[in-house]
1. From other protein chains only, count the Cβ atoms within 10 Å of every residue's Cβ in A:33-41, then give the mean.
2. When the Karplus curve 6.51 cos²θ - 1.76 cosθ + 1.60 is applied with θ = phi - 60°, which whole-Hz ³J(HN,Hα) does each residue of segment A:116-132 get, with x for Gly and Pro?
3. How many percent of the alpha carbon pairs in segment A:301-362 exceed a separation of 16 Å?
4. Could I have the simple spin-label model distance between B:Ala144 and A:Asp136, label points 7 Å from Cα toward Cβ, reported in nm to one decimal?
5. Taking H placed 1.01 Å from N in the peptide plane, check which residues at least 5 places from B:Gly132 or on another chain put their amide H under 5 Å from its amide H.
6. Counting only other chains, what is the mean number of Cβ atoms within 10 angstrom of the Cβ of each residue in peptide B:264-272?
7. As an exercise, use a Förster radius of 60 Å and the Cβ-Cβ distance of B:Leu210 and A:Lys169 to find the FRET efficiency, rounded to the nearest 0.05.
8. How far is A:Pro202 from the same spot in each other copy, in nm, shortest first, if each label point sits 7 Å from Cα toward Cβ?
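Please treat every number below as a calculation from the coordinates, not as lab data. It should be emphasised that the depicted structure is a prediction, and the values quoted were computed from it without experimental measurement. Counting neighbours? That spans all protein chains shown, and the Cβs are built from the backbone with ideal geometry, glycine included.
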Protein chains: 2
Amino acid sequence: MIDSSTSLLASQRHDIVRFAMGSPANEAVPIDLFREIASSRLGADSFTYGATEGEPELIDALVDYLSTTSEPTAHDRVVITAGGMQGLDLACKIFIDPGDLVVVESPTYTNGSATAASYGAELLEVPLDADGLVVDALPELVSAAGRTPKAIYVIPNFQNPSGTTLSAKRREMLVKLAHDWNCVIIDDDPYGLLRFSGEDVPGFQCISPLDPLIFSVRTFSKILAPGLRVGWVDVDPEIRQYVINAKQAMDTCTNVPAQQLVAEFIKRGYLSTHLERIRFVYSERKSAMKHSLMRSLGSRITITDPEGGFFLWLTLKGDDAAISSTALFEIALAEGVAFIPGAALSPSGRFDDSLRLCFAASTPSRIQTGVERLTRSLDLARRAPYPGGAERHGSLT
Amino acid sequence: MIDSSTSLLASQRHDIVRFAMGSPANEAVPIDLFREIASSRLGADSFTYGATEGEPELIDALVDYLSTTSEPTAHDRVVITAGGMQGLDLACKIFIDPGDLVVVESPTYTNGSATAASYGAELLEVPLDADGLVVDALPELVSAAGRTPKAIYVIPNFQNPSGTTLSAKRREMLVKLAHDWNCVIIDDDPYGLLRFSGEDVPGFQCISPLDPLIFSVRTFSKILAPGLRVGWVDVDPEIRQYVINAKQAMDTCTNVPAQQLVAEFIKRGYLSTHLERIRFVYSERKSAMKHSLMRSLGSRITITDPEGGFFLWLTLKGDDAAISSTALFEIALAEGVAFIPGAALSPSGRFDDSLRLCFAASTPSRIQTGVERLTRSLDLARRAPYPGGAERHGSLT
């Protein structure tokens, strides 16, 4: 992680504006409610082994809650995981063998693609545009790769890092391709419940119900709190037993007190209220970042315009496109603002002209300050241009 | 798990004596202290992402605590894990490729051997005797396998399931063989701090310090509480970065509130007192089980005599040796006592004449009741002997 490698420097400047990490805002985490629940709920049943598939009270609460959303599920489809990351690990462990081809978005969440790579996958990066993964481009790229993929790893809503959402038409096309190729769609959607504008796009589970080729990975990390490490997968019942067996050999069960905390949070009805509140907060923050960027850098950049989630994607243009965002990072940190350079968000290091900015973790006035610092950093970088320059493989098409 | 497949039956008989599960006694889990710590410690830093290698406060507390034991460690050797199971998963993910030979004890902790198998390992079962793994037998078995092992999976103290401890001499021989073969020793020791009689045997880290071939897996599950899912690995600093990278792609970090809970528990000095107390409790329980078994079944069985941990291993002899412990399990459950049949504790289903009994989770009087029920079950099984009978591949030599 870039943040930790520069933590010494960062810790020397305490007021750094944190556009880098994909964590919820501190003030978006309901700590007082968690403490209240912990003091009343923790008991004799909190500290022994739980069921590998998850605490029944959490699965019940989750199924009840999801029945009120556009993506209902059922008890025999859910396995509770140690965050979304373990959901990805489970999908890869079950479906990927060394040498298998795995399609990933370009740019992508590189911790996710790294998990596929850790099982020996060969990654095929496929470009995105404003409607998400360019599914049209897939057949030709797959044909050039000489074999069909075993899995397609996609973040359909408010994609990390680009902020784009995969259109309904492309979702349908993708499901069709997955069936043609008998390949699994790893549907990683940590942000779907954080839509703050526009309309829900039908999820893969809705487009193709009861489909063993759709492996949906979900988490409470972004909507509630990442430190709990509680997420879930939503899979066809015939796949579920494989998931439970694989999880048994990974960590026996997810930590029980955190599952009870989340279950109680949902059962008391806090989740709906909480989500309403944070969607409003994140909507304001996205607007603040968009308008600050447009005011300060309007003609020098293009940005995506996410309808939810945490991130927007900034691409330098004109003369600024010659600046390496990897080199810019050090300058920016010295100026007091952090972000993730584009090259860290592509397995092959593309997008050195781009930046991932998290709008979720800073207040509008801090965002304004951060954008001013980013602008100063770009001005400094233009005066002392990056020598040599990293290879440019592409940008969001 | 056998327990869950029969949970319906078990739940119909609430007073079942639980010799099956390897969980600490409920009364050995310091729930009130946990609740007290949770209410004072949980705060703003409890719910965000933690460091992948573990919370610094827990690593500090752990290193301090272990400096008072026979197995001290250092900050640059420790990675906090989601229980011991994740430690095994990490070791296997890093070291094992499909087709690799992995030595396992016979009998063994089959969840551990299953993790190795899940990475494509071929398992070589090597017998145990009263001094643990028969290391003498290893070179010939390895030679017959036609290739050297990539890993040796061993539980050196109060082995699960046999209760035996690997002798010092054999540990030294095993380290030498590992070096000859350039193979890693997966040193899984969940019970080492639960010695209640005899003398500590030097650990692998003590026999061969700073050795990148020794991968030590530890956990708070047995000494504190399994539901927390907090453990650690103790590895050479040059291996540690591989562990951190692998864990990053598994679950990002271990759940933070549970790490803080354990850290605080150690920092307040509770762990030493707690261990003293539970060692005494488990010592009493082992004696109770041993004496009950000898009184009721003395001439019909052999049992191991563990100096710590949770389990003893019972082998039927004489006419009773014809009874399948897998078949006995159903009878015993109906009589109100649960155990793990031997065949479940060997990847190839050996030991159908043996039983794993957990003495840790029941009071002495419940143990007495359980042994009486077990005796009745054996009497019933002898009258209606198991038809056909499973193959007998071997027993503890």
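1. Working: counts 0, 6, 7, 1, 0, 8, 5, 1, 2.
The mean count of partner-chain Cβ atoms within 10 Å per residue comes to 3.
2. Coupling constants for segment A:116-132: 4, 4, 5, 9, x, 5, 9, 8, 10, 7, 10, x, 10, 9, 4, 9, x Hz.
3. Values: 870 of 1891 pairs.
In whole percent, the share of Cα-Cα pairs in segment A:301-362 beyond 16 Å is 46.
4. 6.5
5. The answer is B:Thr165.
6. Values: counts 0, 0, 0, 0, 0, 0, 0, 0, 0.
What the average comes to for B:264-272 is 0.
7. Numbers: r = 59 Å, r/R0 = 0.98.
The value I calculate is 0.50.
8. Once sorted, the set of distances for A:Pro202 reads 6.9 nm.
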